[in-house]
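Chemist: Submitted below is the structure of interest, expressed as structure tokens.
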Amino acid sequence: LNVDTCPRECLEIYLSWMGIELDGDFLTEEVLRTLVKEAYLLNRLKGTRICLEHLIHILLGEKPLILEQNMIKAYEEKGEFLGNAFQKGSIYDVNILIRKKLSERERFQLLFLIDQFKPVRARIHIIQLREGGVLDSNVYLDMNARVEGTADGVLDDSISLSENVVLS
């Protein structure tokens, strides 16, 4: 019954004993072992934001940014949130922003696991962020700047840069 030395097949059985169902063989053995070790804590925290953050950190190796609708509305009222991607959601919508690129299969499997730990009426939306260009007021194009690929940029005054703009 030692989690560190048992065969992989036993890990899925241990998780089923803790009420965690797995669909398919998509988790690595290391992630499965960590999930078994953390299963008790995850079940105790089930239905909370902390649980979702911890679960996604175990599965993807990164801490996600979780935006609930009431947080987005509070940011908009303060004028700290610019964008319209999240404005049409209800109070039950939860947006999880991650940086890791996922295939559709990985995305659905992640949602399958998250559904076991989310709050009861919550609707989960996974939003995959892509790398963008970052320039601030202390940037010279030879240092302190990074632009990867063909990414859109945004100036401080919320002026959008398109592919037709040339910085000189």
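The values are calculated or read from the model by the stated rules, or taken from the named source; none is laboratory data. What you are looking at is a predicted structure, and each value in this text was computed from that prediction instead of being measured. Note: ideal-geometry Cβ built from the backbone for every residue, glycine included; neighbour counts use all protein chains shown. Ligands, DNA and RNA are excluded from the accessible area calculation, which covers all protein heavy atoms including side chains. Shrake-Rupley method; radii C 1.70, N 1.55, O 1.52, S 1.80 Å.
Chemist: Do any residues in the stretch 84-96 that are open to solvent by 90 Å² or more (accessible area, probe 1.4 Å) and of a type in the set (Lys, Arg) have Cβ atoms under 7 Å from those of residues that are in a loop (DSSP other than H, G, I, E, B) and modelled with pLDDT of 70 or more, where the two are at least six apart or on different chains, and which pairs are they?
Modeler: The qualifying pairs do not exist here.
Chemist: Identify, please: which residue in the stretch 49-63 is more than 10 Å from ILE98 (Cβ to Cβ) and β-branched (Val, Ile, Thr) and is, among those, least open to solvent (accessible area, probe 1.4 Å)?
Modeler: ILE58
Chemist: Identify all residues within the stretch 19-46 that are loosely packed, with under 13 Cβ neighbours inside 10 Å and in a loop (DSSP other than H, G, I, E, B); write none if there are none.
Modeler: GLY19, GLU21, ASP23, GLY24, ASP25, THR28
Chemist: Okay, next question. Which residue out of ARG130, ARG121, ARG107 is assigned to a loop (DSSP other than H, G, I, E, B) and either at pLDDT 85 or above or among the hydrophobic types (A, V, I, L, M, F, W, C) (or both)?
Modeler: ARG121
Chemist: Then there's this: It is to be established whether one or more residues within the stretch 55-62 are in contact with a Phe, Trp or Tyr (Cβ under 9 Å, 6 or more places away or on another chain) and in a helix (DSSP H, G or I).
Modeler: yes
Chemist: Right, next: Consider ILE91 against the criteria (1) at pLDDT 80 or above; (2) in a helix (DSSP H, G or I); (3) more than 22 Å from ARG107 (Cβ to Cβ): it satisfies all of them except one. Which criterion is unmet?
Modeler: Among (1) at pLDDT 80 or above; (2) in a helix (DSSP H, G or I); (3) more than 22 Å from ARG107 (Cβ to Cβ), ILE91 violates only (2).
Chemist: Identify all residues within the stretch 1-18 that are part of a loop (DSSP other than H, G, I, E, B) and touching a helix residue (DSSP H, G or I) at 6+ places or on another chain (Cβ under 6 Å); write none if there are none.
Modeler: Across the stretch 1-18, the qualifying residues are VAL3, MET18.
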